[in-house]
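Working notes for the structure below.
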Amino acid sequence: MSDNNMNETSAGKATMEKITSLAKRRGFVFQSSEIYGGQSGAWDYGPLGIELKNRIAGFWWKEMTQLHDDIVGLDAAILMHPRVWEASGHVENFTDPLVDCKKCKSRFRADQIPPENLAAKKCPDCGGELTDTRKFNLMFQTHIGAVEEEANVIYLRPETAQGIYVNYKNIVQSNRMKIPFGIAQIGKAFRNEIVTKNFIFRTCEFEQMEMQYFVKPGTDVEWFNEWKKRRWAYYEKLGVKMDHLRWHQHGPDELAHYAKDAYDIEYLFPMGWKELEGVHNRSDYDLSRHSQFSGKDLQYIDQETNERYIPFIVETSAGLTRNLLMLLCDAYDEEQVADKGNDDDIRTVLRFHPAIAPVTVAVLPLMKKDGLAEMASDIRKELKEDFATDYDQSGAIGRRYRRQDEAGTPFCVTVDYESKENNTVTLRFRDSMEQIRINRAELTERLRKEIREYKRVK
Ligand code: GAP
């Protein structure tokens, strides 16, 4: 992109248009069913997108399970007994207030149109008459089995959390977990969202990374504060711009039906400050309700003191797909560079932490001929066991670097004529564009060290 092509306000900045366009161009995210005109609320993750999504999930999973002796994992089914959603309060309370325009048939969330339009029952688009506000349940409902009748109603889960609550006793028993302990899960969730704009920010099908921490009543506030601290530190470790993050405490009108207290971590997306993750004190609401609706005793028995109680739950709930959007926006940069041999002087670069970059290292032969391509292929083969790699031999080297920059690849290894003479290669760093000469045999160790010690500078 040349400087002239960028309008003044968006120059150098991540905008939703630029992110959406780059995501499609480079195979991060495609519109679902595009050849049929697209399916709103659903998106497909392409070759770079699925790598990025898997890597974010892996980073979160390591952070929340491997690095905590007291947290174990779970993968519960999406389809659950319909009584689960009565107990959880979702059948009754998981609703948005909606109004319809009788004339143009548009549907709006009542809390998202100007209050004067709502009061006058006047459509903000066409001026037509609006219906009364009614509650619209966000859960997708279908029928299981051959017969479509009330008794066969089943829901697509709107949050992964309930799969954890209904398995809490199984996990205490099978894994001898002692309070306080946590259960972590990553999985799909579905919500019939009426407003699905801003790319993958709010979608009908999405993924969550949730952790439910079971604590003794009375210690919940302390643990709630502890998990707020830990989740903040998580984003610091991920190398996110910390001045783009802030806390937002839910006021009484915003609190979900289950929450005693709730804070969102908000991120400064191109369209403004928006929720990224929630940390919730869910009190004993969920387990008490499941106890009541299932008739099963879900009390925890402390083996040492013989105390019995329904644990309180502190929840950390992050959107995986929303995190992916955040990381694309956060990593996006346009930089003035003075590289010779390129047809522009602006490079687009995604400054992902190397631990989550879709490709960790790209191997590039300077020329295809004279055995350089073969040597580069061999090096890629060596690196494959330890890193996500790419290989590119087409076009000028400067252009190839730019392609890798735009995909967020933190390291490039270039094989040139000197490589054939003395088994050294060039290691190029994405962020600084610095190049060093290094022995081929030292590559793996050096890359490991660079990933471990990575600190974002820009
Ligand atoms: N279990 C609690 C729960 O689901 P939530 O605040 O409704 O809480 C948690 O959702 C996170 O899930 C949000 O912070 C957001 O990152 C993500 N999320 C929620 N709805 C979403 C949607 N329609 N599309 C994408 N991500 C969504």
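Quick note: the coordinates plus some simple rules give every number you see, no bench work behind them. All figures in this text were calculated on a predicted structure; none of them were measured in a lab. Heads up, the Cβs are rebuilt from the backbone with ideal geometry, glycines too, and the neighbour counts pull from every protein chain shown.
Projecting label points 7 angstrom from Cα along Cα→Cβ for E406 and Q112 puts them 3.2 nm apart.
Is any residue of region 37-77 close enough, with backbone N under 15 Å, to a label point placed 7 angstrom from the Cα of V195 along the Cα-Cβ axis, and if so, which? It comes to no residues whatsoever.
Apply 1/(1 + (r/R0)^6) to the Cβ-Cβ distance of H257 and R308, taking R0 = 30 Å, and write down the FRET efficiency to the nearest 0.05.
On the way: r = 26 Å, r/R0 = 0.87.
Computed FRET efficiency for H257 and R308 comes out at 0.70.
The convex hull around the C-alpha trace of the chain, projected and averaged over every direction, spans 27.7 square nanometres.
So what is the relative contact order of region 353-429, in percent, for Cα pairs below 8 Å that sit 6 or more residues apart?
RCO, region 353-429: 40 percent.
Over 20 Å between Cα atoms: which of K24/K53; K24/K237; K53/K228; K241/K274 fall into that group? Flagged as over cut-off: K24/K237; K53/K228. Its relative contact order, with pairs defined as Cα atoms under 8 Å and 6+ residues apart, puts region 228-346 at 19 percent. For region 433-441, putting each phi into the Karplus relation 6.51 cos²θ - 1.76 cosθ + 1.60 with θ = phi - 60° gives couplings of 6, 5, 10, 10, 9, 9, 5, 3, 5 Hz, in residue order, rounded to whole numbers and with x for Gly and Pro.
Each Lys and Arg contributes +1 and each Asp and Glu -1, all at the Cβ; summed about the Cα centre of region 188-291, the dipole is approximately 200 debye. In the chain, taking the dipole from charged Cβ atoms about the Cα centre, the farthest positive-side position among I164, C126, S288 is held by C126. Of the peptides 51-57, 405-411, the order by per-residue mean of other Cβ atoms within 10 Å, starting with the highest, comes out as 405-411, 51-57. Each eigenvalue of the Cα gyration tensor of region 256-411, multiplied by 5 and square-rooted, gives one semi-axis; in descending order these are 52, 22, 10 Å. Here the gap between K105 and E150, fully extended at 0.36 nm per residue and compared with their Cα-Cα distance, gives a gain of 13.3 nm.
Potential lengthening of the chain between S432 and H81 amounts to 121.0 nm, from the contour at 0.36 nm per residue minus the alpha-carbon distance. Note that region 298-308 has calculated 3J(HN,Hα) couplings of 9, 6, 8, 10, 6, 5, 7, 9, 6, 5, 10 Hz, one per residue in order, obtained from phi through the Karplus relation 6.51 cos²θ - 1.76 cosθ + 1.60 (θ = phi - 60°); glycine and proline are x. Simple point charges give the picture: +1 on the Cβ of Lys and Arg, -1 on the Cβ of Asp and Glu, and for the chain a dipole about the Cα centre of about 420 debye. Counting only residues at least eight positions apart within a chain, or on another chain, the aspartates and glutamates with an alpha carbon under 17 Å from that of K420 are D370, E374, D378, E382, E442.
Pairs of alpha-carbon atoms within less than 8 angstrom and 6+ residues apart define the contacts here; what relative contact order does the chain have, in percent? Intermediate results must be reported in sequence, preceding the final value.
Details: 816 pairs, mean separation 62.2, N = 458.
Worked out over the chain, it gives 14 percent.
Do you know the Lys pair count in region 97-190 for C-alpha distances under 14 Å, with sequence separation 8 or more or different chains? The partial results should precede the final answer.
Values: K102/K121; K102/K122; K103/K121; K103/K122; K105/K121; K105/K122; K169/K178.
The result is 7.
Using a simple spin-label model with pseudo-atoms 7 Å out from Cα toward Cβ, Y417 and H143 lie 7.6 nm apart.
For region 67-214, rounded, prolate or oblate, judged on the Cα gyration tensor with a ≥ b ≥ c (square roots of eigenvalues), a/c < 1.5 rounded, else prolate if a/b > b/c?
Details: a/c = 2.94, a/b = 2.03, b/c = 1.45.
Prolate.
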